[in-house]
Amino acid sequence: MFLRYSFRLEPTPGQRAALARTFGCVRVVYNDALAVRKAAYQADKSLIPVGALAKRVITEAKRTPERAWLAEVSVDALQSSLRDLDTAYSNFFASVTGRRRGRRVGLPRFKSKKDNRHTVRFSRNGFRLRGNGRLNLAKIGDVRVRWSRALPSAPSSVTVIKDPCGRYFASFVVEIEPGTDTLPSSDSEVGIDLGLTTYAVLSDGRTIDNPRYLHRGERRLRKAQQVLSRKAEGSKNRAKARIKVARAYARVADARRDWCHQTASRLVRDNQAVYLEDLAVSGLARTRMAKSVHDAAWGTFRRVLEEKAARYGRHVGIVSRWLPSSQTCHVCGAVDGRKPLHVRTWRCGLCGTEHDRDLNASRVILAAGQAERLNAPGGPVRPGVAIPHQARPVERGTHPKAKPATTGSQTGPPTSSTGRTSSTPTAPPNAIWLKTSATRPRPALG
């Protein structure tokens, strides 16, 4: 398992100038290599190997007067930029052919000189950790690092990052053995319903308030942007004002990221399994609630939660976004229909139970996630715990000769001789999801 540890750097003025030269050279080599590959593809649709490309844009380019200054920086950093370009092309072709999941990845683009965020990566040959705690970078020197904790193993690479507000960071990649940080097994499982008014409602009744970091810092951001808009283009005062705006945004982003890590760590530590709903964040971010959706950072929270669960031996289950969690009674499984957002409590028309909208949704998500995990190939819900045969669920579809359920194995709603579900609310709370994971019963015709 590979982990990334980031620490703040404090370079001297001379080291800042050397890093600026390195950032510029890496950008030029990347753009030169991209231009060569595009020209070769347009000429005869050929693909230049990385070795030949490095010889052309690095080795031979250093001998020309136009690129002689490439020799002032580490060649390891220049070669890393070519590897980044090759990875970008590999991701593009994998996305086009369907071998890469997720959104479509576009072709690599040229890097701009006006970008406010710069990165450069050094492999094992380009950096060294000194005994005094300093980070030695090739042709840059020993840079002071603010160590907040020790690295679990020797790093394989380090990426030096300069963010838009002028801060420097060192991001180390280390490898650890899987299972070294596994937490003791727990019997607790929780379903989470994410929202905006209340950030999360847990199935055990607890709630997590929405911190709204962007809303808190909006006044400071507005004033900083007003000052920036009054500065002349290209002036030094505008550059100073831009840094103030970047610092205001960085303060909001850092606070939100830290909160996501702390909240996810607490959930992973206290529960063996956590279940979430697969929200369409990109679609919600195009509505009138876009600012609040971006401020909530549901995608970041889910990613951090999944990463921590994988590291500490926990499970994170994602249920379908088409699950009617706000319309389904978690007691009897009846679907009560659509409800406007201003309806926060409702009463089930079948069993008469009164529900809090968000709490009921979290319990529905918990039941759905447990059923999907139980029915999925790979074993029981909790690792290391065997499930007796008579306790395993019996999936029921629409077959006209469905197998009748016995008393010891009844895990779903009672079915008739035709395989259709009875309306009698005698099933346990989770039984409706055991049925949902199989084929849905067809409605009666005529």
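The values are calculated or read from the model by the stated rules, or taken from the named source; none is laboratory data. These figures come from a predicted structure and were not determined experimentally. Cβ coordinates were reconstructed from backbone atoms using ideal geometry, including for glycine residues, and neighbour counts include every protein chain displayed. When the accessible area is computed, the model is the full protein with side chains, heavy atoms only, and any ligands, DNA or RNA have been set aside. Shrake-Rupley method; radii C 1.70, N 1.55, O 1.52, S 1.80 Å.
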request  = Give me a count of the residues in the range 84-117 that are in contact (Cβ under 8 Å) with a residue 60 or more places away in the chain and either polar (S, T, N, Q) or touching a His at 6+ places or on another chain (Cβ under 6 Å) (or both).
outcome  = 1
key: Filtered residue count, the range 326-367, keeping only those that are open to solvent by less than 30 Å² (accessible area, probe 1.4 Å), closer than 22 Å to residue 275 by Cα and not in a helix (DSSP H, G or I)   = 6
inquiry  = Condition first: open to solvent by 90 Å² or more (accessible area, probe 1.4 Å) and either within 20 Å of residue 23 (Cβ to Cβ) or within 29 Å of the chain's Cα centre (by Cα) (or both). Now tell me which residues in the range 127-146 satisfy that.
reply    = 139, 144, 146
remark   = Scanning the range 17-40 residue by residue, those surrounded by 14 or more Cβ atoms within 10 Å (Cβ to Cβ) and either farther than 22 Å from residue 137 by Cβ or over 34 Å from the mean Cα position of the chain (by Cα) (or both) turn out to be 31, 32, 33, 34, 36, 37, 40
request  = Find all pairs meeting these conditions: Cβ atoms under 7 angstrom apart; at least six residues apart or on different chains; first residue within the range 299-325 and outside any loop (DSSP other than H, G, I, E, B) and of a type in the set (Ser, Thr, Tyr); second residue buried (at least 18 other Cβ atoms within 10 Å of the Cβ) and at pLDDT 95 or above.
outcome  = 300/260; 312/268
task = Report, ordered by the first and then the second residue, all pairs with beta carbons closer than 7 Å, sequence separation of six or more or different chains, a first member in the range 13-37 that is farther than 16 Å from residue 52 by Cα, and a second member that is charged (D, E, K, R) and part of a helix (DSSP H, G or I).
result = 21/72
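Is one or more of the residues making up the range 271-280 of a type in the set (Asp, Glu) and open to solvent by 50 Å² or more (accessible area, probe 1.4 Å)?
Scanning the range 271-280, I find no residue that is of a type in the set (Asp, Glu) and open to solvent by 50 Å² or more (accessible area, probe 1.4 Å), so the answer is no.
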ask   = How about the range 233-258: which of its residues are in contact with a Lys or Arg (Cβ under 6 Å, 6 or more places away or on another chain) and either touching a residue at least 12 places away in the same chain (Cβ under 8 Å) or outside any helix (DSSP H, G or I) (or both)?
value = 241, 248
ask   = Which residues, taken from the range 50-83, are open to solvent by less than 60 Å² (accessible area, probe 1.4 Å), touching a residue at least 24 places away in the same chain (Cβ under 8 Å) and not polar (S, T, N, Q)?
value = 50, 53, 54, 57, 58, 61, 70, 73, 76, 77, 78, 82
request  = Any chance you could count how many residues in the range 104-126 are assigned to a loop (DSSP other than H, G, I, E, B) and either under 24 Å from residue 37 (Cα atoms) or open to solvent by less than 50 Å² (accessible area, probe 1.4 Å) (or both)?
outcome  = 14
note = Per the list (1) farther than 30 Å from residue 175 by Cβ; (2) more than 30 Å from the chain's Cα centre (by Cα), residue check on residue 96 breaks on (2)
Failed item, numbered, when residue 171 is tested on (1) modelled with pLDDT of 95 or more; (2) open to solvent by 50 Å² or more (accessible area, probe 1.4 Å) = (2)
message = Among the residues of the range 153-161, are any over 28 Å from residue 34 (Cα atoms) and surrounded by fewer than 14 Cβ atoms within 10 Å (Cβ to Cβ)?
response = yes
task = Among the residues of the range 299-316, count how many are open to solvent by less than 50 Å² (accessible area, probe 1.4 Å), under 14 Å from the mean Cα position of the chain (by Cα) and within 20 Å of residue 270 (Cβ to Cβ).
result = 6
request  = Mind telling me which of the residues 84, 142, 76 ends up being touching a Ser or Thr at 6+ places or on another chain (Cβ under 6 Å) and among the acidic types (Asp, Glu)?
outcome  = 76
inquiry  = Let me confirm something: among 16, 37, 4, which residue is closer than 30 Å to residue 175 by Cα and assigned to a helix (DSSP H, G or I)?
reply    = 16
message = Taking the criterion of being β-branched (Val, Ile, Thr) and farther than 27 Å from residue 169 by Cβ, would at least one residue in the range 65-78 satisfy it?
response = no
